[in-house]
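FYI, it's all coordinate maths here, none of it is from the lab. Every value quoted in this text rests on a predicted model; they were computed, and no experiment measured them. With ideal geometry, Cβ positions are generated from the backbone for all residues, glycine too; neighbour counts draw on all protein chains shown.
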Amino acid sequence: MNDDNDPNLNCPVPISDYPRILLAHGGGGKLMHQLIDRIFATAFKNPYLETRHDGAVLETGSDKIVLTTDSYVVHPLFFPGGDIGSLAVNGTVNDLAMCGARPLYLSAGFIIEEGFPMEDLWRVARSMQQAADSAGVSIVTGDTKVVDKGRGHGVFINTAGVGILEHNQVVNPGQVRAGDAVIINGDIGRHGIAIMAQREGLDFETEIESDCAPLSDSVQELIKAEIEIHCLRDLTRGGLATSLVEIAESSGRQIWLDEKTIPVRDDIRGACEILGFEACYVANEGRFTAFVAEKDAAKAVEILRTRCDWPEATVIGRVTEEMAAEVIMKSVIGAERVLDMLSGEQLPRIC
């Protein structure tokens, strides 16, 4: 008789392949998705998880709310353009926004290492409050734990968020349709390169700052303008490429990209060439893609550029008629290739 508690008999991940968790299991690539699909999605299986979205849409009577949660373990804690506090607030606000919700409330849980400077903790707390004010949310509850020195890497933060849906659009990967335009709100790769430069002491001709920013106001502007939005996704771990592969696999649709249209700053492009990275795989914390009906593409781009102060917002691709669950990118020299998820960890602890 099978024992449901025996992982060797029932665990859906081959124990012989990965007997222990690797750092790459949290890196946003293939291993992380295998971990989520084969462990957590299998163990906790329910309709909310099956949407494969950034949060869960919950009905409470006549209202619809969205719930999301995320944890932040970035190192270093302070970096050009932000810190772990602003990252924790903006990251969770953005997950709510990607579900089409207006963010309302956050919780904040702190795991603090013994010996962590009180001045730094105050700096993180103030940064969180400033980010919350900018995003129009309140931090209304939380928790604090202290762990032994050497076991906490300074401070880890978990934030959960609640938002409200004030429209009737259904926004998730399953709504992607053939002909949809793929829109991005700005240049890519800055957050990952800023973290890497700060951590490794790399000097470039210009200081590279993270793009960490709240995205909820931009999404709400699109919704108020009655743009037909089918899917939204913020481009965090794994960058633009991995995010689009996730959507292609969830929707079963082929996504076609034109590399020439993807905005990348010259300093980021140069840093990627030096470090051996591809900008489309580098993490962001203030960038998102919107899949909108083709008829609304030009209007959506104009709104992002003029009302939301994203001058580089542009259409970078489209959804084809093919039911192929893949992302095809046309390079700057005209060749086409299939984009895949990262197979391992490129930039550890970027969020």
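The figures follow:
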{"quantity": "In sequence order, calculated HN-Hα J values of the stretch 308-314 (Karplus, 6.51, -1.76, 1.60; Hz; x Gly/Pro)", "calculated": "10, 6, 10, x, 9, 4, 6"}
{"quantity": "Radius ratio Rg over Rh of the chain, counting only Cα atoms, Kirkwood formula for Rh", "calculated": "0.96"}
{"quantity": "Histogram of C-alpha separations across the stretch 51-165, 5 Å bin width, %", "calculated": "2, 13, 22, 23, 17, 11, 7, 4, 1, 0"}
{"quantity": "Peptides 297-306, 134-143 ordered by average Cβ neighbours within 10 Å, highest first", "calculated": "297-306, 134-143"}
{"quantity": "J(HN,Hα) series, the stretch 171-188, from Karplus relation 6.51 cos²θ - 1.76 cosθ + 1.60, nearest Hz, glycine and proline x", "calculated": "10, 6, x, x, 8, 4, 10, 4, x, 4, 8, 9, 10, 10, 8, x, 5, 10"}
{"quantity": "DSSP H segments from the chain that extend 24 Å or more along their own axis, Cα-based, with Kyte-Doolittle mean of -1.0 or above", "calculated": "118-135"}
{"quantity": "Amide H contacts of R265 (H built 1.01 Å from N, under 5 Å, at least 5 apart or other chain)", "calculated": "I188"}
{"quantity": "Computed over the stretch 112-162, Kirkwood Rh from alpha-carbon pairs, angstrom", "calculated": "12.2"}
{"quantity": "³J(HN,Hα), Karplus 6.51/-1.76/1.60, whole Hz, each residue of the stretch 330-338, x for Gly, Pro", "calculated": "8, 6, 5, 9, x, 7, 10, 9, 8"}
{"quantity": "Positive-end residue, the chain charge dipole about Cα centroid, Cβ charges, pick of M32, T306, A225", "calculated": "A225"}
{"quantity": "Sequence ranges 183-192, 325-334, ranked by mean other-Cβ count within 10 angstrom, highest first", "calculated": "183-192, 325-334"}
{"quantity": "DSSP-assigned coil residues among GluC sites (Glu not before Pro) in the stretch 106-180, each with at most 14 further Cβ atoms within 10 Å", "calculated": "E114, E166"}
{"quantity": "Amide H within-cut-off set for V147, under 5 Å, with H built and near neighbours excluded", "calculated": "I112, E113, E114"}
{"quantity": "Top positive-direction residue, dipole computed over the stretch 240-327 with Cβ charges, set V292, G317, T261", "calculated": "V292"}
{"quantity": "DSSP-defined beta bridges in the stretch 51-165 - what % are antiparallel, rounded to 5", "calculated": "75"}
{"quantity": "Most positive-pole-ward Cα, A43, M98, S71, against dipole of the chain from beta carbon charges", "calculated": "A43"}
{"quantity": "Net dipole in debye of the chain [+1 Lys, Arg Cβ; -1 Asp, Glu Cβ; about Cα centre; nearest 20]", "calculated": "240"}
{"quantity": "Least to most buried among W256, W122 (fewest other Cβ within 10 Å first)", "calculated": "W122, W256"}
{"quantity": "Highest to lowest packing among 193-204, 152-163, 228-239, scored as the average C-beta count within 10 Å", "calculated": "228-239, 152-163, 193-204"}
{"quantity": "Under 5 Å, built H, 5+ apart or other chain: amide partners of Y105", "calculated": "S138, V162"}
{"quantity": "Of K30/K299; K64/K260; K45/K145; K224/K260, pairs whose Cα-Cα distance is over 32 Å", "calculated": "K30/K299; K64/K260"}
{"quantity": "The stretch 291-333-the stretch 164-238 distance, computed between alpha-carbon centres (Å)", "calculated": "12"}
